[in-house]
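Working notes, beginning with the structure itself.
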Amino acid sequence: MIIAIGSDHAGFELKEIVKNALVEDGYEVIDCGTNSTASCDYPVYARAVANKVVSGEARFGVICCGTGEGIMMAANKVKGIRCGIAYEDEVTSLIRQHNDANMISFGARFMKTEDVLRRVKIFLTTEFEGGRHENRKNLIENA
Ligand code: RB5
């Protein structure tokens, strides 16, 4: 499975850790940057990852900024993206099961690395339930 990953400067170190963990687990990773802790604009990297996901080059996207908020907002502006902030383990399962989230966002300045790594695994291994959630998902897409 191919995963696209990206961050701004605040999320850079966390992105590198997540990237290495994904590679270790056998995923192929497309790193959309940024490539250092030099100040940069998170919407650029949100869009780069989102475009990989909507084009089908990557199955899922993982993004990080300081709070997880700005980069998530930018990703959700790309049609076809459903990105949630994984602030809790059960929520991480639910955004796959109920919302069919195809991107996940983390706040490097507010989350523990061990929590992030665990939630990435939860996200990538949880299936969308479909059923009553399918129409709601379609309503998001057609908003
Ligand atoms: C960068 O300082 C910070 O604003 C950014 O990483 C993010 O938290 C925005 O939502």
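Points worth noting:
For (1) at pLDDT 95 or above; (2) within 15 Å of the ligand (Cβ to nearest atom); (3) of a type in the set (A, V, I, L, M); (4) closer than 14 Å to Thr113 by Cβ, each residue gets a yes or a no:
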position	(1), (2), (3), (4)
His9	yes, yes, no, no
Lys15	yes, yes, no, yes
Val18	yes, no, yes, yes
Gly26	yes, no, no, no
Ile30	yes, no, yes, no
Gly33	yes, yes, no, no
Ser39	yes, yes, no, no
Tyr45	yes, yes, no, no
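- Those residues of the stretch 5-28 which are under 18 Å from Ala75 (Cα atoms) and not in a helix (DSSP H, G or I), in sequence order: Ile5, Gly6, Ser7, Asp8, His9, Ala10, Gly11
- Exactly one residue among Phe110, Phe106 is hydrophobic (A, V, I, L, M, F, W, C), surrounded by fewer than 13 Cβ atoms within 10 Å (Cβ to Cβ), out of contact with any His (no Cβ under 6 Å at 6 or more places or on another chain) and under 24 Å from Asp41 (Cα atoms), and that residue is Phe110.
- Among the residues listed as Lys137, Lys121, Lys79, the single one being among the basic types (Lys, Arg), modelled with pLDDT of 95 or more, assigned to a loop (DSSP other than H, G, I, E, B) and over 15 Å from Ser7 (Cβ atoms): Lys79
- Evaluation of Glu57 against the conditions (1) farther than 17 Å from Val120 by Cα; (2) without any contact (Cβ under 8 Å) to a residue 40 or more places away in the chain shows that the sole unmet condition is (2).
- Scanning the stretch 62-80 for residues that are more than 11 Å from the ligand (Cβ to nearest atom) and in contact with a Cys (Cβ under 7 Å, 6 or more places away or on another chain) gives Ala75, Asn76.
- With respect to (1) in contact (Cβ under 8 Å) with a residue 24 or more places away in the chain; (2) out of contact with any strand residue (DSSP E or B) (no Cβ under 9 Å at 6 or more places or on another chain); (3) hydrophobic (A, V, I, L, M, F, W, C), the lone exception for Phe106 is condition (2).
- Each residue in the stretch 47-61 was checked for being within 15 Å of the ligand (Cβ to nearest atom) and over 21 Å from Val23 (Cβ atoms), and 1 of them qualify.
- First in the stretch 1-26 and farther than 20 Å from Val44 by Cα, second anywhere and charged (D, E, K, R), Cβ under 7 Å, 6 or more apart: Met1/Arg59; Ile2/Glu28; Ile2/Glu57; Ile2/Arg59
The values are calculated or read from the model by the stated rules, or taken from the named source; none is laboratory data. Every value quoted in this text rests on a predicted model; they were computed, and no experiment measured them. Here the Cβ is made from the backbone with ideal geometry for all residues, glycine too, and neighbour counts use every protein chain on show.
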